[in-house]
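Step one of this worksheet: look at the structure below.
All of the numbers you see were taken from the coordinates with simple rules; none came from a lab. If you're wondering where the values come from, they're calculated on a predicted model, not measured in any experiment. As a convention, Cβ positions derive from the backbone with ideal geometry for all residues, glycine included, and neighbour counts pool all protein chains shown.
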Amino acid sequence: MGFGVKLLYYCLLAGTATLTLFYLYSGLTAWTNHHNPIFMKQWLALASIFCVFMIQKSYQTGEVELKYWDGMKYLAYCWACWALVAALIF
């Protein structure tokens, strides 16, 4: 059970960190075209700034304190934040 929890935690951590970096990069460098008046990329970049702090908190909780389930909870906050931005835009 312990190995599966660690594997799930590290996969979620890597995926969330990669997606956060992608949203930050695309939101800051690739400005939207004229077909997107609500600037979805920029809103996802702003949400990703919050996610950077949640990833740091997740790392401290999961890796340093060995509370992997609590670390995954902070990663779930990132995904919920992105889902909320997408739901508000659409």
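Please give me the summed charge of the neighbours of residue 76: other residues whose Cβ is under 15 Å from its Cβ, Lys and Arg +1, Asp and Glu -1.
+2
For residue 57, which lysines qualify as cross-link partners when the Cα separation must be under 23 Å and same-chain residues fewer than eight apart are set aside?
Cα-Cα hits under 23 Å: 6, 67, 73.
Kindly identify segment 40-79 as rounded, prolate or oblate by the Cα gyration tensor criterion: order the square roots of the eigenvalues as a ≥ b ≥ c, call it rounded if a/c is under 1.5, otherwise compare a/b with b/c, prolate if a/b is larger, else oblate.
Prolate, because a/c is 1.5 or more and a/b exceeds b/c.
Given that compact globular proteins tend to follow 2.2 N^0.38 Å, what is the ratio of the alpha-carbon Rg of the chain to that value?
1.21
For segment 35-90, which trypsin sites (Lys or Arg not before Pro) are both in a DSSP coil and crowded by at most 16 other Cβ atoms within 10 Å?
Passing both the DSSP loop test and the Cβ count: 67.
Taking C-beta distances below 4.7 angstrom as the pairing criterion, name the unpartnered cysteines of the chain, in sequence order.
11, 81 - these cysteines have no disulfide-compatible partner (Cβ-Cβ under 4.7 Å) in the chain.
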